[in-house]
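*Asks:* Mind having a look at this structure? Questions to follow.
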Amino acid sequence: MCGIDADERHRNALAPGDLVLIYLGAPEREFIGRAELASAAHDWTPSETEAYPGDSPSGVLLAQVEEWDPPVPMSAVLSLIDPSENAKAEFEAGVVRITATEYEAALGAAAERAPSTG
């Protein structure tokens, strides 16, 4: 579950199946994982309200959640993106639309940082 306030700019564009990156803003400025949306943004049902640990009255359900350990610093992702892209480390909103190139850069940076399994 991920809380999303009613006034989020891209809230109504969220749909089941969308791929998302999970980012912590300042001071961390790092990606901690990715997921797939299992629902559109909606007011929590009574049972979801009970289960949700935050104070937002609405949000989305997540599926296929992948936690990145170690997290991926935004600086590592920005170093993989052409400077003409719009990516930046600070966001005005909680829901930010990114390009496929930005998404793939984050996945690439996560793969580079993943511990070796061999």
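What follows is calculated from the coordinates using simple rules that are stated; it is not laboratory data. As the structure is a prediction and not an experimental result, all values here were calculated from the model. All Cβ positions, even for glycine, are placed from backbone atoms using ideal geometry, and neighbour counts span all protein chains on display.
*Asks:* Would you compute, from DSSP H runs of 4+ residues alone, the mean residue ellipticity of the chain at 222 nm, taking -39500 (n - 2.57) per run and dividing by the full residue count, rounded to the nearest 500?
*Replies:* On the way: 3 runs with 25 residues, N = 118.
That comes out to -6000 deg cm²/dmol.
*Asks:* Modelled label-to-label distance, Ala114 and Leu19, 7 Å Cα→beta-carbon offset: nm?
*Replies:* 1.3 nm
*Asks:* Taking only Cα atoms, what is the 0 to 90° angle, nearest 10, from helix 100-113's long axis to the longest principal axis of the chain?
*Replies:* Tilt relative to the chain: about 70 degrees.
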